[in-house]
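Beneath this line is the structure, given in structure tokens, with notes to follow.
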Amino acid sequence: MSLSAQQLELLAPARTIEIGQQAILHGADAVYIGGPAFGARSSAANSVQDIAKLVSFAHKYQVKIFVTFNTILHDAELEPARALIHQLYDAGVDALIIQDMGLLEIDLPPIELHASTQCDIRSVEKAVFLANSGFSQLVLARELNLQQIQAIRTAVQTPLEFFVHGALCVAYSGQCFISHAHTGRSANRGDCSQSCRLPYNLVDDTGAVVAYDKHLLSMKDNNQSNNLLALVNAGVRSFKIEGRYKDMAYVKNITAHYRLLLDEIMEYQPSFTPASQGKTQLFFQPNVDKNFHRGQTDYFLNGRTQDISAFDSPKFIGELIGTVCNISSAYFEIETETPEATLANGDGLNFMQKREVVGMQANVVEKLANRRWRIHPNETLKTLRELKKGATIHRNRDHTWELQLNKPSAQRRIPISATLWNDQTHIHLRLTDTNGCTGSALTTIPIELAKQSEQQWAQIQDNLTRLGNTEFICTKLNIELQQPWFIAASHLNALRREAVIALQAQRLQQTPRPCRKAETQPPMQYPETHLTYLANVYNQKARQFYHRHGVRLIDAAYEAHEETGEVPLMITKHCLRFSFNLCPKQAKGVTGVQGQVRAEPMVLQNGTEKLTLKFDCKPCEMHVMGKMKKNIFKSPLPGSNGLPAEAVVQFMPRQNHPPVNQA
């Protein structure tokens, strides 16, 4: 079952099932996780058996489990992919997040499909097409602004998903080939080498240096905490946290942070409801500044701004603590920014030395007068010889705060009511949840009056509300016994356990399973008739899909080429001309190191590597140019008479297309 128009879904990442379980306890309405293969994070794989365990845990709270299946697939991988999808469906997985349209042309179970952000959904036309082609949820491009999201929401009824927190790819997702061009590791195949985090020089065609040794393609991290209500009003219904490589503490903290924010929205707008059940109780105060981040930005959501990039360092500097005010041979002292700031043994501290982050661990800290602290680092002061009086100190590891998250830091409970009554021969117990699901049990013990009625009432209350490690909490107990009958604690416990099992079974039975959305008939025409390598078509089934939707010319994916001419290796909304005030819409004639800086062409340099920058001002995009490869896609194509494919292939009309298995 897809999200309703009034449900808000908090979608959290999980590298492992243990992290997934904690995401659920800390408030996630859905969790996305990698399976054994074909996920866009190759080092975040999980077995089908483990995913089945996570599904069983999640469904207690009606939390959904999505599996990332968002790489492009070679022809030889389609059959293993099909077999794995059937296994995932049998394991109870609620949906697949996919990029490769070839999957829609093979025999799939009726599992719900979500269009990955790798599908590059940034236009109304693309969103409408995918919404009519069998997708139940659309993961929008991170670069969209509120007006663009609203326009898509107006055009489609399919639930929209949007990234609200975590690392940002500088390129449009699915439109970056630098990693594959330079290392053979394809981002579209789940193995990105993150060339965007490297330092570069930016020079013009005269050799004038605009920027030296800067991380020019490295973005700050996404943080939409202040924009959630605006996103709700624009039509977003699923709020996605990035981080399938992130650790347990990150997932706990960030999930809890957005759970509180969404709950606050729903408190003031009760027409919106959470997409799962259970109330989360936190045992710590979430703080987004405590986890790794490269600085924070809301990116393009409210329009283009200067402050979106992390040019100085892709590392985590952390929260500002204070300034060095004294240095000795064994320790240094700092004055904190605020009186409330505290330090602890084991804290991770750092300072900037030129463009490098120099880290250290506080071995022993001593509180001095006022805002002054003495720090004995693990490293010797000789090692930290660049540390000077007046240096700014940041903390990127709060040891005390981390200890809180190493313990149980949240619990999640579903409210239920309990009713106990008797007839002439039996004691009955019925448990009822807020959806009206019930679980009942009865016992045939001999009935006799209690000698101490008040103690008996207290014992009944204690035993029936002691729900322990279950997902339930009893918020209302009705005792409707005709007399204060004596019931042994063992019988009360047995009644409670049996009723809980019955309630759990009915809840699962009455929870509808999401089902694949049917494609509109006749098939909707794709907005274009010619697809370039940017469409990432890597197998015959994907070609068949696009041909069936009216596309006539289809280039092979970048990964299926050998080197030939220069093409965009990255298409990005981030613009270095804008960052350095060289945009025609800003100022003209900015003076550089060697005189007048020419705004175009420009080159990124990293060692011997050179990447030419071209600027497309109409859509306000930057293209990072590099070598294309010669087509080596050798499989025979429909209408090609079995001949090897060329870079552009003319398709002929296809007859008798087999029906797609849809629910």
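Condition test on THR297, is it crowded, with 17+ Cβ neighbours inside 10 Å and touching a residue at least 24 places away in the same chain (Cβ under 8 Å)?
Numbers: crowded, with 17+ Cβ neighbours inside 10 Å: yes; touching a residue at least 24 places away in the same chain (Cβ under 8 Å): yes.
The answer is yes for THR297.
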All positions within region 309-333 that are of a type in the set (Val, Ile, Thr) and within 25 Å of LEU217 (Cα to Cα): ILE317
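Could you check region 568-582 and list, in sequence order, the residues that are among the polar types (S, T, N, Q) and outside any helix (DSSP H, G or I)? Give the steps one after another, and end with the answer.
Filtering region 568-582 down to residues among the polar types (S, T, N, Q) leaves 572, 579, 581.
Answer for region 568-582, where residues must be among the polar types (S, T, N, Q) and outside any helix (DSSP H, G or I): THR572, ASN581.
Would you confirm, using the coordinates I've provided, whether THR305 is under 30 Å from ASN581 (Cα atoms), hydroxyl-bearing (Ser, Thr, Tyr) and at pLDDT below 95? Break it down into steps so the answer makes sense when it comes.
Details: under 30 Å from ASN581 (Cα atoms): yes; hydroxyl-bearing (Ser, Thr, Tyr): yes; at pLDDT below 95: yes.
So THR305 passes the test.
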Of the residues that make up region 82-103, is at least one open to solvent by 40 Å² or more (accessible area, probe 1.4 Å), in contact (Cβ under 8 Å) with a residue 60 or more places away in the chain and charged (D, E, K, R)? no
Looking only at region 114-129, count every residue that is under 19 Å from the mean Cα position of the chain (by Cα) and either surrounded by 24 or more Cβ atoms within 10 Å (Cβ to Cβ) or on the phi < 0 side of the Ramachandran plot (or both) and tell me the total. 8
Anything in region 232-268 that is over 22 Å from PRO159 (Cβ atoms), in contact with a strand residue (DSSP E or B) (Cβ under 7 Å, 6 or more places away or on another chain) and either modelled with pLDDT under 95 or open to solvent by 20 Å² or more (accessible area, probe 1.4 Å) (or both)? List them, or say none. LYS246
Kindly state which strands (runs of 3 or more DSSP E) lie completely within region 130-183 and contain at least 1 residues that are out of contact with any Asp or Glu (no Cβ under 9 Å at 6 or more places or on another chain) and either among the aliphatic types (A, V, I, L, M) or crowded, with 23+ Cβ neighbours inside 10 Å (or both). 160-166, 171-176
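THR16: polar (S, T, N, Q), in contact (Cβ under 8 Å) with a residue 40 or more places away in the chain and either surrounded by fewer than 24 Cβ atoms within 10 Å (Cβ to Cβ) or in contact with a Lys or Arg (Cβ under 9 Å, 6 or more places away or on another chain) (or both), yes or no? Full working, then the answer.
Numbers: polar (S, T, N, Q): yes; in contact (Cβ under 8 Å) with a residue 40 or more places away in the chain: no; either surrounded by fewer than 24 Cβ atoms within 10 Å (Cβ to Cβ) or in contact with a Lys or Arg (Cβ under 9 Å, 6 or more places away or on another chain) (or both): yes.
Against the criterion (polar (S, T, N, Q), in contact (Cβ under 8 Å) with a residue 40 or more places away in the chain and either surrounded by fewer than 24 Cβ atoms within 10 Å (Cβ to Cβ) or in contact with a Lys or Arg (Cβ under 9 Å, 6 or more places away or on another chain) (or both)), THR16 does not qualify.
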Hits in region 13-67 - residues which are under 17 Å from ALA95 (Cβ atoms), in contact with a strand residue (DSSP E or B) (Cβ under 7 Å, 6 or more places away or on another chain) and part of a helix (DSSP H, G or I): GLY20, ALA23, ILE24, ILE51, LEU54, VAL55, ALA58
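Consider region 540-567. How many of its residues are open to solvent by less than 10 Å² (accessible area, probe 1.4 Å), part of a loop (DSSP other than H, G, I, E, B) and at pLDDT 95 or above? Even if it seems obvious, please write down each step before you answer.
Going through region 540-567, the residues open to solvent by less than 10 Å² (accessible area, probe 1.4 Å) turn out to be 542-543, 545, 549, 551, 554, 556-558, 560.
Adding the requirement that they be part of a loop (DSSP other than H, G, I, E, B) leaves 549, 551, 556-557.
Narrowing the set further to residues that are at pLDDT 95 or above leaves 549, 551.
Residues flagged as open to solvent by less than 10 Å² (accessible area, probe 1.4 Å), part of a loop (DSSP other than H, G, I, E, B) and at pLDDT 95 or above within region 540-567 amount to 2.
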Requiring at least 3 residues that are surrounded by fewer than 17 Cβ atoms within 10 Å (Cβ to Cβ) and touching a Phe, Trp or Tyr at 6+ places or on another chain (Cβ under 9 Å), the strands (runs of 3 or more DSSP E) wholly within region 352-409 are 356-367
Output the qualifying pairs, or none if there are none: Cβ atoms under 9 angstrom, residues six or more apart or on different chains, first residue in region 358-382 and touching a residue at least 60 places away in the same chain (Cβ under 8 Å), second residue surrounded by 14 or more Cβ atoms within 10 Å (Cβ to Cβ). none
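Of ALA249, ALA230, which residue is assigned to a helix (DSSP H, G or I) and touching an Asp or Glu at 6+ places or on another chain (Cβ under 9 Å)? Spell out how you get there, then give the answer.
Numbers: ALA230 fails: touching an Asp or Glu at 6+ places or on another chain (Cβ under 9 Å).
Sole residue among the options that is assigned to a helix (DSSP H, G or I) and touching an Asp or Glu at 6+ places or on another chain (Cβ under 9 Å): ALA249.
Inside region 460-472, can you point out the residues that are outside any helix (DSSP H, G or I) and surrounded by 12 or more Cβ atoms within 10 Å (Cβ to Cβ)? Step through it out loud before you land on a result.
First, pick out the residues of region 460-472 that are outside any helix (DSSP H, G or I): 466-472.
Selection gives ARG466, LEU467, THR470, GLU471, PHE472.
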Being more than 30 Å from PHE177 (Cα to Cα) and either in contact (Cβ under 8 Å) with a residue 40 or more places away in the chain or under 28 Å from the mean Cα position of the chain (by Cα) (or both) narrows it down to one of ARG516, ARG543, so name that one. ARG516
So which residues in region 486-503 are open to solvent by 70 Å² or more (accessible area, probe 1.4 Å) and either out of contact with any strand residue (DSSP E or B) (no Cβ under 6 Å at 6 or more places or on another chain) or of a type in the set (Lys, Arg) (or both), if there are any at all? SER490, ARG497, ILE501
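Test of understanding: among SER271, SER276, which residue is hydroxyl-bearing (Ser, Thr, Tyr) and touching a strand residue (DSSP E or B) at 6+ places or on another chain (Cβ under 8 Å)?
Details: SER271 fails: touching a strand residue (DSSP E or B) at 6+ places or on another chain (Cβ under 8 Å).
Just a single option satisfies the conditions, and that option is SER276.
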Name the single residue, out of those in region 480-513 being under 30 Å from VAL93 (Cβ atoms) and not in a helix (DSSP H, G or I), that is nearest to the chain's Cα centre (by Cα). ARG513
Residues that are open to solvent by less than 50 Å² (accessible area, probe 1.4 Å) and either outside any strand (DSSP E or B) or over 14 Å from GLU498 (Cβ atoms) (or both), drawn from region 427-459: THR432, ASP433, GLY436, CYS437, ILE445, ALA450, SER453, GLN456
Can you confirm whether GLY20 is more than 23 Å from GLU264 (Cα to Cα), at pLDDT 95 or above and within 15 Å of the chain's Cα centre (by Cα)? yes
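Does at least one position in region 342-351 carry a residue that is of a type in the set (Phe, Trp, Tyr), open to solvent by less than 50 Å² (accessible area, probe 1.4 Å), assigned to a strand (DSSP E or B) and farther than 30 Å from GLN7 by Cβ?
yes
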When the residues of region 527-537 are filtered to those that are open to solvent by 30 Å² or more (accessible area, probe 1.4 Å) and part of a loop (DSSP other than H, G, I, E, B), which remaining residue is nearest to THR612 (Cα to Cα)? THR532
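Residue-by-condition table, conditions (1) touching an Asp or Glu at 6+ places or on another chain (Cβ under 7 Å); (2) within 21 Å of THR280 (Cα to Cα); (3) crowded, with 23+ Cβ neighbours inside 10 Å; (4) among the aliphatic types (A, V, I, L, M):
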residue	(1), (2), (3), (4)
GLY27	no, yes, yes, no
ALA30	yes, yes, yes, yes
GLY34	no, no, yes, no
SER42	yes, no, no, no
ALA52	no, no, no, yes
HIS59	no, yes, no, no
ILE65	yes, yes, yes, yes
THR68	no, no, yes, no
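The values are calculated or read from the model by the stated rules, or taken from the named source; none is laboratory data. Just so you know, these numbers come straight off a predicted model, no measurement behind them. Cβ sites come from the backbone with ideal geometry, for glycine too, and all protein chains shown count toward neighbours. SASA here: full protein model, heavy atoms, side chains in, ligands and nucleic acids out. Shrake-Rupley method; radii C 1.70, N 1.55, O 1.52, S 1.80 Å.
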